[in-house]
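The values are calculated or read from the model by the stated rules, or taken from the named source; none is laboratory data. Every value quoted in this text rests on a predicted model; they were computed, and no experiment measured them. All Cβ positions, glycine included, derive from the backbone under ideal geometry; neighbour counts span all protein chains shown.
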Amino acid sequence: MPATPETPSDADSTQPETTAIDGTATASDVPAQPLADATAAPTVAPTQEPVLAAPAYASPAFATPSAPAPAAPLSPGATSPTAAKSTRPLGLMVGALAVGAILGGATGAGVYAAAAGNNSHSQSTVASTPQNITVNNKDNVTTTTAVAAKAGPSVVTISVTAPGESGTGSGVILTSDGYVLTNTHVVTLDGNSASGTIEVTTAGGKLYKAKVVGTDPIVDLAVIKLTDASGLPPIEFGDSSKLNVGQKAIAIGAPLGLSNTVTDGIISSLNRSIQIASSAVPNGGSGGTSTPGGGTSPFNFWNFGGGNGSGNGGTTTTTPSTQPADIALPVIQTDAPINPGNSGGALLDSQGKLIGINVAIASTGSTTTSGQSGSIGVGFAIPANLAQRISSEIIKTGSGSHGLLGASVTTATSSNSSVVGALIDTVTPGGGAGKAGLQKGDVVTSFNGVPITSSIDLTAQVRSLAPGTTAKLSYVRGNNTNTVDVTLGTLKL
């Protein structure tokens, strides 16, 4: 099997498999409970499975809003001025409290009033800030409703048009003056246009023109700047390195052009890596090679490079301006339904904090220029820690930075290894791998605390770190397992 050379398109990987890219007891009968008791999630013991350890990053380019303080609980036996002698069902009370805990302040009270202040089932809409979060059933206010009310105003719909082609995607607001994070394949129509006209629609219905600040096709992230914007609500970042498999995940975006769409599910897997073809990568490559044997990738960007011209994640052209090249992405896997147009939108935790940027889905078969695949419950998001680092770098310099191992690798097989991992094929003199003592034939089994099962895993994890980062790398040589510190170089395109 041919190995990947140490070039600007260096992968540090070649992959042989086909891979690519949310009673009748009344309030007066029950003592008031502290808010935390009504809303606290069950404690989950930490697992031993390593999680993506993107480096801690304090962004000077934009502030991460602090979590709103929960409302003070009522003292036992105290009577709320608005709840005295209430006959609202207890279930509704708890649901509304859950919303208030996540949102806090006026917005939380707004949802409570909409859900609990009306005994009929007529439509009520939260209007404390412009948003389209509607509550029709006062008995079923959920955590997902609260997350949507909190984070929904920070998610936008992005429309891109170029001669003969168009597409829509999603984005998240980074700063009050209009920096927005999205995917490279959204703003470039999957590499077909570097100068498309961009229009952004906020959740509150305002329209803005926007320009690209910079793109990072290596991890498919981009930042745009809205013209003459002010007073926008920035998204609140969570810590994607502290996620647990099975915890709640909520996606917000514009699938098929349907703005403010909310879906939910769970975190299905962590430390996943996917390889996907991108036409936005310069010089024909970024860190991976095309799938050997001409296989069809089960992962895709929803065909921004070839669609039916609907403008809902598709385009009217079928010929990319550049030859697609493979990129390796570290991702969070979720079963929250995401579809064409969700690209660049938010994946959120149960507190409404950003944990990922939705980027791709898996499909059961190849897509064609006459249609697009939809959700089969296997979606992927770029971890928030990586997205925060790259977006801040783009705002500062116009581009993102990525680590380089200094070796080319293939996926280990039973013919050349007794363990799964990434097989070192060549080592670049003077590179990080060489300086750490790695040799041809070594099988990398762990990098920066993340298990490595393939060349794609190693490439994705190396690219997720900034140049100059020192990470622990474990490898097998013969019958011995060794662990070394390796300092990453800089990937240059």
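Hey, among the residues in region 403-418 that are in contact with a helix residue (DSSP H, G or I) (Cβ under 9 Å, 6 or more places away or on another chain) and assigned to a loop (DSSP other than H, G, I, E, B), which one's farthest from Ser446 (Cα to Cα)?
Checking each candidate, the answer is Gly406.
Output yes when any residue across region 451-462 is on the phi > 0 side of the Ramachandran plot, at pLDDT 95 or above and either in a strand (DSSP E or B) or within 27 Å of the chain's Cα centre (by Cα) (or both), and no when none is.
no
Taking interchain pairs and intrachain pairs at least six residues apart, which have beta carbon atoms under 8 angstrom, with the first residue in region 232-260 and over 20 Å from Glu199 (Cα atoms) and outside the structural domain of Tyr179 (by TED's automatic domain parsing) and the second of a type in the set (S, T, N, Q) and in a strand (DSSP E or B)?
Val245/Ser268; Val245/Ser269; Ala249/Thr334; Ile250/Thr263; Ala251/Thr263; Ala251/Thr334; Ala251/Asn358
Scan region 200-213 and tell me whether some residue there is under 30 Å from Ile456 (Cα atoms) and either outside the structural domain of Ala162 (by TED's automatic domain parsing) or within 19 Å of the chain's Cα centre (by Cα) (or both).
No: region 200-213 contains no residue that is under 30 Å from Ile456 (Cα atoms) and either outside the structural domain of Ala162 (by TED's automatic domain parsing) or within 19 Å of the chain's Cα centre (by Cα) (or both).
Give the residue, chosen from Gly377, Gly400, Gly434, that is more than 29 Å from the chain's Cα centre (by Cα) and either surrounded by 21 or more Cβ atoms within 10 Å (Cβ to Cβ) or not in a strand (DSSP E or B) (or both).
Gly434 is the lone residue from the list that is more than 29 Å from the chain's Cα centre (by Cα) and either surrounded by 21 or more Cβ atoms within 10 Å (Cβ to Cβ) or not in a strand (DSSP E or B) (or both).
Could you look through region 307-346, keep only residues that are of a type outside the set (A, V, I, L, M, F, W, C) and not in a loop (DSSP other than H, G, I, E, B), and pick out the one that is modelled with the lowest pLDDT?
By that ranking, first place goes to Asp326.
Could you list, in sequence order, all residues of region 175-208 that are over 23 Å from Val281 (Cα atoms) and aliphatic (A, V, I, L, M)?
Within region 175-208, Val200, Ala203, Leu207 meet the criteria.
Out of the residues in region 230-265 that are of a type in the set (S, T, N, Q) and part of a loop (DSSP other than H, G, I, E, B), which is farthest from the chain's Cα centre (by Cα)?
The selected residue is Ser230.
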